[in-house]
Every structure is written in structure tokens, then in C-alpha cells.
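Notes to accompany the following structure.
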Amino acid sequence: MKTGTVKGSVWSTKKVDGLMGLTLLSVETDTGKIVAVDLVGAGKDDRVLLTFGSAARVENPLLPVDAAIVGILDTLEAET
Amino acid sequence: MKTGTVKGSVWSTKKVDGLMGLTLLSVETDTGKIVAVDLVGAGKDDRVLLTFGSAARVENPLLPVDAAIVGILDTLEAET
Amino acid sequence: MKTGTVKGSVWSTKKVDGLMGLTLLSVETDTGKIVAVDLVGAGKDDRVLLTFGSAARVENPLLPVDAAIVGILDTLEAET
Amino acid sequence: MKTGTVKGSVWSTKKVDGLMGLTLLSVETDTGKIVAVDLVGAGKDDRVLLTFGSAARVENPLLPVDAAIVGILDTLEAET
Amino acid sequence: MKTGTVKGSVWSTKKVDGLMGLTLLSVETDTGKIVAVDLVGAGKDDRVLLTFGSAARVENPLLPVDAAIVGILDTLEAET
């Protein structure tokens, strides 16, 4: 997993059916910006935990997503 | 997922059967050019949403593709 | 797999159910910091062995994790 | 997927059984050289289309390969 | 796949059960050092062929490994 910071929303009207109803957020990571489905209700500037690949689909294997926000960080004890 | 910009088509006459009938587009991303199957009818210069790995095959697990265009971006609210 | 050094814990109160009860550690690798689930009881400054992707879920395919600490290194015979 | 240029063959006598009978080619890509199984009869200097990960195994899930040449490019309409 | 050069062994006494009995080697590649399970009996300084991700587990899906040495290179016809 990686940590990142939410920068804003990503809007797409013309998309595959599998993305309907999902919240897609733009997240800055140490290796660039990615787009992730939000599974925890994250907001702008939140520092979040991201999981990638099929791990992003363990709850719903049919979603066409390869990244998911799975947690909001509540401490920086480690400078993650 | 990542965002990118469609640069043009990729043509291959000699290919595996699994690619027959698919539209393959060259897409510029922040980490270089990739080739993705188009699932939404994207055109040149469109800014698109890309999904990678097995996520690109959720609708058809037998396609030999590792990247898919799953949406056309309609806003840059976030500078994604 | 890769080797890395544990830097500290990652705390998240608001997270998906699948992460409940897991120990998440921040690990420094040669390509940056990542977050991994700890499967062996690693501590700060331990040099560890990391596995990525679905390999991190072979013991529990339903965990939403893409990285796991699967060993603590006990020698540097090779400067790994 | 990515595009690349075939540079030559890769020979290995001592290998796992799953690689027996496969043609392995060295391919230059924009992110370095990789080795891919050839599924289309590509030759040296051919510009080819590569697919990675489990997508390289859709026709034979038991091959221990993570990259496959799935097409020979016949045009550079887009400077892919 | 990628090519690399074996640099030495990686030892871990405290590890997950799934790694018991496996030979883990440190391998230098063009993108850094990785650790791979040895499936062919490679030795120090051997130039080897590596496969990554689930391809490393086609013979045993329950191993928690994401990289495997699947061949020893016997020629450099192509400067792979």
C-alpha cells in the first residue's frame, strides 16, 4: 500500500457501466498522481491509505478499478 | 487508475486472435506512452481515465490486455 | 520480493472493515516508502522481506492489502 | 500494453519445465529491456505490441511468463 | 520477464510458514535489487531469467512469492 493526499474529484460522464455510482478521487502520491475509488468517505487534503491492483477489488471483484482508498490516516507517528 | 491523453490509433494486422476487433489507442500518461483498449469510444486528444492490470479485463477475462480506457474526463476540477 | 527497513506504524481509525485488526507498518525500500501488513511480528528498524501484489494475500485472499512483511532478515551475507 | 522493438533471442537450457518450447525474445521498451514470450512469430527489429502480467497468460494460464508479444505493429500513424 | 545476476542468498529465520524450505536469492536487475525464489538451482554470479507477479506462482499458487528464477541464461546472443 501507499499513502497519499486527496487533491480533488474526477468526473466522467461517458464511462463504462462498472464505474457508475463510484466516487473517484485524484490522489497525490510520492510517485505521481493517481485516481482511486473512495471506499471510506475521504475528503480534499485528507491523507489516505491506498491499495492497488486486485486488492482494490476484494469487496467487489467486478469493479474495473485498480486503486482504492481504504483508510484515512489519523496519525503521522511514522513519517509515512 | 491514471489519467492520460489519447494520441492516436495503434494498428496491428499480425496479432493474436484475442485482439481481433478491439480498438487499441496510444495514450500519453505522466509516466510515458502506453497502449490501451478503448471501451468508451474515445477520440484523439480526449483526456481519459485508464485502468490497468486485471481490472482492464473485468468485463471479458479472456482479452489479452492489461490496460483499458474506462472513461472520458469531463472536468478538470482537480488538476488530474 | 524486496527488502526494506521498518520505520514505524501506520494508524487509521476510519478504514474498510477488511483492515480491522491488522498491523500496518511503514517500510522504507530502495524505491520509496510503502505500507505493508505485518505477518511476522516485525519491529522498528528491523530489516524485512516484503512480498507484493496477490502474493501478499495467499493466506487470506479477502484482505485488501497489496504488500506484506513475510520475513525478518537475519543476515546480510548478500548486501540485499 | 506497451510497444517495443525486438532485439534478439534469449536462450536458456536450464529452465523450469513450463518454459519448454516457448520462444523468448529480448525487447527494448521505453522503460528498459524486458523478456517476452513470442505469440505471433516476431523477428529481430520488429516493432511489437506487448502485454504484461496475467494478460500474458490468458491463452495458457499455466505458463510462468509475465510478458507476451501479442502483435506486430504495421503502422506508426500514432508515434507509439 | 527480466534478466538479472544472482548476488547471494537471503536468510530469514523468522518468516511465514509458506516460505519454509524455499531458496531465496538476491538478484541484481536493471531496476535494482530484488529477492526471488530459485526454481532452477542458480548460483552466485549466474545470469538468470526472472518472472514476476502471479507468474512466479503458477506451479504452486500458495507460495507467498512475487518473483521467481525460472531459467539460467546460456547465451548473450542478444545483449539482454
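The values are calculated or read from the model by the stated rules, or taken from the named source; none is laboratory data. Computed from a predicted structure; not experimentally measured. Positions of Cβ are backbone-derived with ideal geometry, glycine not excepted, and every protein chain shown enters the neighbour counts. With ligands, DNA and RNA removed, areas are computed over all heavy atoms of the protein, side chains included. Shrake-Rupley method; radii C 1.70, N 1.55, O 1.52, S 1.80 Å.
Data for the structure
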{"quantity": "One residue from D:59, D:28, D:77 being in contact with a Gly (Cβ under 9 Å, 6 or more places away or on another chain), more than 22 Å from residue B:56 (Cβ to Cβ) and modelled with pLDDT under 95", "calculated": "D:77"}
{"quantity": "Residue match in segment C:47-65 (condition: in contact (Cβ under 8 Å) with a residue 40 or more places away in the chain, open to solvent by 20 Å² or more (accessible area, probe 1.4 Å) and more than 11 Å from chain A (Cβ to nearest Cβ))", "calculated": "yes"}
{"quantity": "Test for residue D:10: is it closer than 23 Å to residue B:13 by Cα and of a type outside the set (Gly, Ala, Ser)", "calculated": "no"}
{"quantity": "Residues that are open to solvent by 60 Å² or more (accessible area, probe 1.4 Å) and free of Cβ contacts under 8 Å to residues at least 12 places away in the same chain, drawn from segment E:12-24", "calculated": "E:13, E:14, E:17, E:20, E:21"}
{"quantity": "Qualifying residue in segment D:18-29 (condition: under 20 Å from residue B:9 (Cβ atoms), of a type in the set (Ser, Thr, Tyr) and within 13 Å of chain E (Cβ to nearest Cβ))", "calculated": "yes"}
{"quantity": "Boolean, residue A:71 is modelled with pLDDT of 95 or more, surrounded by fewer than 23 Cβ atoms within 10 Å (Cβ to Cβ) and over 16 Å from residue B:56 (Cβ atoms)", "calculated": "no"}
{"quantity": "Yes/no for residue B:10 being in contact with a strand residue (DSSP E or B) (Cβ under 8 Å, 6 or more places away or on another chain) and more than 8 Å from every other protein chain (Cβ to nearest Cβ)", "calculated": "no"}
{"quantity": "Segment A:36-46, residues that are more than 23 Å from residue C:17 (Cβ to Cβ) and either open to solvent by less than 30 Å² (accessible area, probe 1.4 Å) or without any contact (Cβ under 8 Å) to a residue 40 or more places away in the chain (or both)", "calculated": "A:44"}
